[in-house]
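Single-structure report; data block below.
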Amino acid sequence: MLIRRPADILPSEITPQDVYRHRRRFMRDAGALALAGSALALGAWPRTSMASVRKLEPLLPSEFSTDEGLTEIESVTSYNNFYEFGTGKTDPMTHAHKMQVRPWTVSVEGLAARARTFDIEDLLRIAPLEERIYRLRCVEAWSMVIPWVGFPLSALLKEVEPLGSAKYVEFVTHYDPEIMNRRPIIDWPYTEGLRIDEAMHPLTILSVGLYGQVLPNQNGAPIRLVVPWKYGFKSAKSIVTIRLTENEPATAWNKAAPQEYGFYSNVNPEVRHPRWTQATERRIGELRRRPTLMFNGYGDQVAHLYQGMDLKTFY
Ligand SMILES: Nc1nc2c(c(=O)[nH]1)N[C@H]1C(S)=C(S)[C@@H](COP(=O)(O)O)O[C@H]1N2
Ligand SMILES: [Mo]
């Protein structure tokens, strides 16, 4: 893992005093992070748009949080998939600071009576912010446990009053070829989709932070989806458009490799990826492999959504 030493940090990158004090207090409170007091404390916070490093509060705890041990914040913010900034795990940490996350708007459009564009500051007030400690299971067979900060996507969708004809929700993410990958790994911009009942499910959140602070750019600032029972790639980062549609939207990974990535992409230990098993996973920070759970362990809450569907066909 890349950790920049204090000597590498330009004075211009050092955060304003009050922000820094917040950060120190946060780190002290979160003693388990073992960052506070370390000589690396200043350098350990990975590069991000420094203006956006700030604490989010108050946060409501969630009944949906897991009590499993948290993945260290250093891993959460340095081992990322954000292909717009490169395919290496530390590429997003190194390059995502180039993305300007203010001003930012999200257009909620399509089949809705009150479709409109929201400013990010208004989105932060759509619903009380909650801390949701969720597992995130990447299709590459690693997983993390992350204390997200966010609010249910359903709260935003209700604001725009979806029409009865809206059966799916499409997510389009930010793409700026000036600062992002131009190689056609996927058909940019990165797009994703959910069925409307999946989008309205209380577990599905829009996240604006993690570990009590504003989302680092590499994790999808300023707003990203988190759908904890699906493989990580469904959790689209840096969203600019949310579109209610009648038909199933095309998704970036499905277009790129349809045999490997389906529309549903529910975590399923019984459906292997053509190139590797999905039966086990490695929790980042651990050496052992653990069994992967159906629906990433969220089956009690979500299995009913797929009643009668063959999940091997609809993978
Ligand atoms: N726009 C965009 N969103 C994305 C990706 C991406 O490459 N681009 N990668 C996905 C994948 S594969 C995973 S596992 C998660 C990782 O989220 P994290 O880096 O916050 O852990 O983001 C998802 N969202
Ligand atoms: Mo992933």
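Solvent-accessible surface (1.4 Å probe) assigned to D197 amounts to roughly 60 Å². Its Cα gyration tensor gives the stretch 11-306 an equivalent ellipsoid, and the semi-axes of that ellipsoid, as √(5λ) in whole Å with the largest first, are 28, 23, 20.
Among rounded, prolate and oblate, which fits the stretch 132-207 when a ≥ b ≥ c are the square roots of the eigenvalues of its C-alpha gyration tensor, a/c under 1.5 means rounded, and a/b larger than b/c means prolate?
Here the stretch 132-207 falls in the oblate category.
The Cα-based radius of gyration and maximum Cα-Cα distance (Dmax) for the stretch 214-315 are 14.9, 44 Å.
Counting heavy atoms of the protein chains alone, R183 has an accessible area of about 140 Å² for a 1.4 Å probe.
What chymotrypsin sites (Phe, Trp or Tyr not before Pro) does the stretch 60-89 have in DSSP loop regions with at most 10 other beta carbons within 10 Å?
Within the stretch 60-89, no chymotrypsin sites (Phe, Trp or Tyr not before Pro) qualify (loop, at most 10 other Cβ atoms within 10 Å).
If you sort S238, S65 by accessible surface, 1.4 Å probe, largest first, the order is S65, S238. Of the cross-linked pairs K55/K167; K55/K89; K98/K158; K55/K312; K98/K167, which ones have a Cα-Cα span greater than 31 Å in the structure shown? With Cα atoms farther than 31 Å apart: K55/K167; K98/K158; K55/K312; K98/K167. For the stretch 78-148, the set of trypsin sites (Lys or Arg not before Pro) satisfying both a DSSP loop assignment and a count of at most 11 other C-beta atoms within 10 Å is given as R114, R125. Ordered from highest to lowest accessible area with the whole protein assembly present and a 1.4 Å probe, T277, T191 read as T277, T191. Legend: residues K312, K230, sorted from most to least accessible area (1.4 Å probe; ligands, DNA and RNA excluded), read K312, K230. W276 sits with roughly 60 Å² accessible to a 1.4 Å probe, with DNA, RNA and ligands left out of the calculation. Note: relative contact order over the stretch 11-306, using C-alpha pairs below 8 Å and six or more positions apart, is 19 percent.
The values are calculated or read from the model by the stated rules, or taken from the named source; none is laboratory data. Bear in mind that the values here come from a model prediction, so they are computed numbers and not experimental data. All Cβ positions, even for glycine, are placed from backbone atoms using ideal geometry, and neighbour counts span all protein chains on display. Keep in mind that these areas ignore ligands, DNA and RNA; they rest on the heavy atoms of the full protein, side chains included. Shrake-Rupley method; radii C 1.70, N 1.55, O 1.52, S 1.80 Å.
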